[in-house]
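Notes to accompany the following structure.
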Amino acid sequence: MPMPSSFIENLTSPLSDAQKRIIHPYFNSLLLPPSSFSPPFMAIPPQIFPPRKRRPSAASFISPKLTEPDLLHSLLHLTHEISSLKPIQFLLKRNSYSIIRKTNLLSVLFEELIRTSIPLSSQSLILCFEEMYIVLQRIKTLIEDCSNGSKMAMLMQNESIADSFHKLTADLSTLLDIFPVTELELSDDVRELVILIRKQCIESKPFVDLKDNELRHAVVTMLDRIKREIVPNHLKLVDIFERLEIRDSSSCRAEIESLEEEIQNRNDEQSKSELVALIGLVRYAKCVLFGASTASSSSSSSDDDAKRRKQPSDVAVPADFRCPITLDLMRDPVVVATGQTYDRESIQLWLESGHNTCPKTGQTLAHTDLIPNRALQNLIAMWCREQKILFETVGSNDKPHGVIINKAALEATRMTASFLVNKLSLSPSMEAANAVVYELRVLAKTDSDSRACIAEAGAIPLLISYLSFNVGSQNPDLQVNAVTTILNLSILEANKTRIMETDGAINGVIEVLRSGATWEAKANAAATIFSLSGIHSYRRRLGRKTRVTRGLIDLARCGPTGARRDALVAILTLAADRETVARLVEAGVVEMTAEVMDGLPEEAVTILEMVVKRGGLMAVAAAFSSIKKLAVILREGSDRARESAAATLATMCRKGGSDIVADLASLPGIERVIWELMAIGTVRGKRKAATLLRILRRWAAGLDSAGLTEGFSTALTSSTTMVSTQ
């Protein structure tokens, strides 16, 4: 922040240019002509900032323009805050202890000035104290950052952090050099104390503990050996983590989280890649040194994770962040030829199903290229971090945080997966197996390389054995962890094939879907069906299985909200295949959408739209009783729901004939509702509303009064009979 040019003119002691630059990070600007200066801004009190682990840059600190008493009290309060901080225990202990002690001594000076009400006579003294406030803020932030951040990352930067401590001490020394200690009426003790602090600051030198350097060398050497596919020496691994004070599974999890946050604050790909390698090392050590989490600790950590991380279904997702097809939070938004944005996986399914139009606008696509919408993806990622929602991109080429993973990280992941799979094969009990499967579940959630390594290690056949009804009745957590691990593995394209081709895998997932011990297990089984349906041939294969369609429909009817959403999304994906739609209609999908339409209108109407479009007269006849509910959605629903309702009614009117049109026309105020949608609806909603209005007008004019076709009448009778016998 530029400061007034009077700062230079009012100094009581001459300063060199070097000293001027130390006093203020922006001192270069002070050497510009007076016209280039802007007035200083009021400092924001530090207490209004939320807690943070990453230290801000020097530009984040600005000089406080406070009255003299307020400035002194702020300095005293700040020195007390720093003095109350504990020195860093595991690294840079001497550096942090030294600067905390000097700050503590400075508090005596401010106490003296406040107690005696000594006036701050010169502008230069006030500016000196303002700059001291900035330096003290930086000291406090650096210590907090080192204490709360990643230990591994700090170890890798121990020399640069030690240099930061030294530079802050040098800045403090410069300010004490220009402090007019002889001009103020200080007591002799305080005057001598200030001189002592100044002397100590001047004599301070950069210090890096040799033991810290040795520890860093040990970590670098171990990563190099891992890169060469050499399994780490157990005793050396124990020594490294003991010296870093990472002594159990929970501290490993905390370290991994800190490293992931550190990645978010790095700009260059090389440093991000190195941090990913450290994460791989910590994950490996967590499993090898401290064992897989016990069943109780896994449940506890799951609860803790639930407190920290929300699911998108737990919060109101902004409409712009939701895919228009699935209505879910987009992970990989892409733009199609019409300029509309969809989630990549959803729009690819749409295109693979033979469509050449934009789902939202209905326009024919000039090409099928999908352009990544990076700006929107970054906004979604930022929103997820604010909401504490885990945001992970999906796809075979995705890496964590956009990092190209390095060889050491890959080999560490492979070693971890092999260790866990081998341990699972030897697990003597369900409790022991549950602990290992939980670790596999966590590892499979991290990135595509972890999913590949777990599958390559042979985990899928072992996991299938824990999907049975007997396992669920004896150990529900084990069944949940097993099916969720398979779900996480299925995100990787290659693993979809592995799962589909493994004997008993699909039947195991279906068994969990139909008779899982918990709603969570059933919901994750439905999500697995959705994931596997991403490949067209597997979508048709799954759609042919009656147990799949009926299981999804039953879950959508009876499950809690989150589970119902998972089931509905899977149904929507399967409905992209025309043959599967007929099976869904037979299984009662239309009646199910009517039942859930009040609670989940967008999802229900979207499915109904696709079913009546692809399901023929049988689907239209089955949906006949839903006309009134669709009209309510048309009047009161969200933009997306109203659009789908209009499209569904238009399809039903075109296929069903005059009886459906007459039933719709008999609803009070329906034309006014359609006119409103034409005025304020989405582009596609307006078009569908115009189609509806045109159908109603032609029917009222007697232009389409031929009545129901024989096929529709037969279908309606058949549908009514089928419903009555269920």
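Data overview
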read-out: Some residue of segment 267-285 being farther than 20 Å from Asp447 by Cα and either surrounded by 16 or more Cβ atoms within 10 Å (Cβ to Cβ) or at pLDDT 95 or above (or both); value: no
read-out: Pairs, first over 12 Å from Glu262 (Cα atoms) and in contact (Cβ under 8 Å) with a residue 60 or more places away in the chain in segment 133-155, second among the basic types (Lys, Arg) and part of a helix (DSSP H, G or I), C-beta under 9 Å, six or more apart; value: Leu155/Arg216
read-out: Selection within segment 208-242 - over 13 Å from Leu281 (Cα atoms) and surrounded by 15 or more Cβ atoms within 10 Å (Cβ to Cβ); value: Val208, Asp209, Asp212, Leu215, Arg216
read-out: Selection count where residues are within 20 Å of Asp477 (Cα to Cα), among the small types (Gly, Ala, Ser) and either touching a residue at least 60 places away in the same chain (Cβ under 8 Å) or surrounded by fewer than 24 Cβ atoms within 10 Å (Cβ to Cβ) (or both), scope segment 435-451; value: 1
read-out: Sole residue being more than 30 Å from Leu443 (Cα to Cα) and acidic (Asp, Glu), chosen from Asp224, Asp177; value: Asp177
read-out: Residue in segment 412-427 that is closer than 30 Å to Asn233 by Cβ, out of contact with any helix residue (DSSP H, G or I) (no Cβ under 8 Å at 6 or more places or on another chain) and not in a helix (DSSP H, G or I) present; value: yes
read-out: Filter result for Val590 (over 16 Å from Arg654 (Cα atoms), buried (at least 20 other Cβ atoms within 10 Å of the Cβ) and not assigned by TED's automatic domain parsing to the domain that holds Ile325); value: yes
read-out: Pick from segment 67-88, criterion assigned to a loop (DSSP other than H, G, I, E, B) and among the hydrophobic types (A, V, I, L, M, F, W, C), ranking: nearest to Thr103 (Cα to Cα); value: Leu85
read-out: Residues of segment 214-255 classified as within 18 Å of Ala153 (Cα to Cα) and assigned to a loop (DSSP other than H, G, I, E, B), total; value: 4
read-out: Single unsatisfied condition, Gly362 versus (1) surrounded by fewer than 17 Cβ atoms within 10 Å (Cβ to Cβ); (2) in a helix (DSSP H, G or I); (3) modelled with pLDDT of 75 or more; value: (2)
read-out: Any hit, segment 88-95, residues being touching a Phe, Trp or Tyr at 6+ places or on another chain (Cβ under 7 Å), surrounded by fewer than 17 Cβ atoms within 10 Å (Cβ to Cβ), at pLDDT 85 or above and not hydrophobic (A, V, I, L, M, F, W, C); value: yes
read-out: Subset of segment 331-384 (residues that are at positive phi and touching a residue at least 24 places away in the same chain (Cβ under 8 Å)); value: Gly362
read-out: Considering residues of segment 165-184 that are in a loop (DSSP other than H, G, I, E, B) and either of a type in the set (Val, Ile, Thr) or without any contact (Cβ under 8 Å) to a residue 12 or more places away in the chain (or both) only, the residue surrounded by the fewest Cβ atoms within 10 Å (Cβ to Cβ); value: Thr182
read-out: Residue within segment 472-495 that is farther than 27 Å from Arg550 by Cβ, of a type in the set (A, V, I, L, M) and touching a residue at least 12 places away in the same chain (Cβ under 8 Å) present; value: yes
read-out: Residues located in segment 114-132, provided they are in contact with a Phe, Trp or Tyr (Cβ under 9 Å, 6 or more places away or on another chain) and of a type in the set (A, V, I, L, M); value: Leu120, Leu125, Leu127, Met132
read-out: Residue, farthest from the chain's Cα centre (by Cα), within segment 71-87, restricted to residues that are surrounded by 18 or more Cβ atoms within 10 Å (Cβ to Cβ) and more than 18 Å from Asp145 (Cα to Cα); value: Leu72
read-out: Helices (runs of 4 or more DSSP H) completely within segment 584-657 that count 2 or more residues being small (Gly, Ala, Ser) and out of contact with any strand residue (DSSP E or B) (no Cβ under 6 Å at 6 or more places or on another chain); value: 616-622, 639-656
read-out: Number of the condition not met by Asp343 [criteria: (1) crowded, with 16+ Cβ neighbours inside 10 Å; (2) of a type outside the set (Val, Ile, Thr); (3) farther than 19 Å from Glu493 by Cβ]; value: (3)
read-out: Residue identified as closer than 27 Å to Asp209 by Cβ and buried (at least 22 other Cβ atoms within 10 Å of the Cβ) among Thr103, Thr141; value: Thr103
read-out: Out of Thr546, Thr528, sole residue that is in contact with a Leu (Cβ under 6 Å, 6 or more places away or on another chain) and at pLDDT 90 or above; value: Thr528
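The values are calculated or read from the model by the stated rules, or taken from the named source; none is laboratory data. Since this is a predicted model, take the numbers as computed values, not measurements. Don't worry about glycine lacking a Cβ; one is built from the backbone with ideal geometry, like all the others, and counts go over all protein chains shown.
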